[in-house]
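Heads up: the structure comes next, in structure tokens.
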Amino acid sequence: MEVTNKCDVYSFGVVALEVMMGRHPRELLVSLTSSTLFDNSGLLMKDVLDQRLAMPTGQLADEVVIGVKVALACTQAALESRPNMGFVARERSAQLRSPIQSLSTP
């Protein structure tokens, strides 16, 4: 296997999903690869996020969804379908420029 920038992107996606899921995303990635679900239309946030934590709401939920979508894009099976790290960095920067109002619940 040749090590490329697309491998780095894949690794980033795996680590990002692992952080959000609280476990390695192996089963999720296998199920997405073996199905036509990669448009993510049938994927629910509750299926991806760590069940030990409260589900995010409002703006935080929107930002988490963007993070999951970017991570899933990074882990696509086809190398040519994965974004480059420049795209990933721009997406993260855009999220950071729109700060979360409050991380705590009232």
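The values are calculated or read from the model by the stated rules, or taken from the named source; none is laboratory data. Worth saying up front: this structure is predicted, and the values here are computed from it rather than measured. Cβ coordinates were reconstructed from backbone atoms using ideal geometry, including for glycine residues, and neighbour counts include every protein chain displayed. Ligands, DNA and RNA are stripped out before the accessible areas are found, and what is left, the full protein with its side chains, is counted by its heavy atoms. Shrake-Rupley method; radii C 1.70, N 1.55, O 1.52, S 1.80 Å.
The Cβ shell under 13 Å around THR57 holds other residues with a net charge of -1, Lys and Arg each +1, Asp and Glu each -1. Between VAL30 and ALA89, full extension at 0.36 nm per residue minus the direct alpha carbon distance yields a gain of 18.7 nm. Computed over protein heavy atoms with a 1.4 angstrom probe, the accessible surface ordering of LYS6, LYS46, largest first, is LYS46, LYS6.
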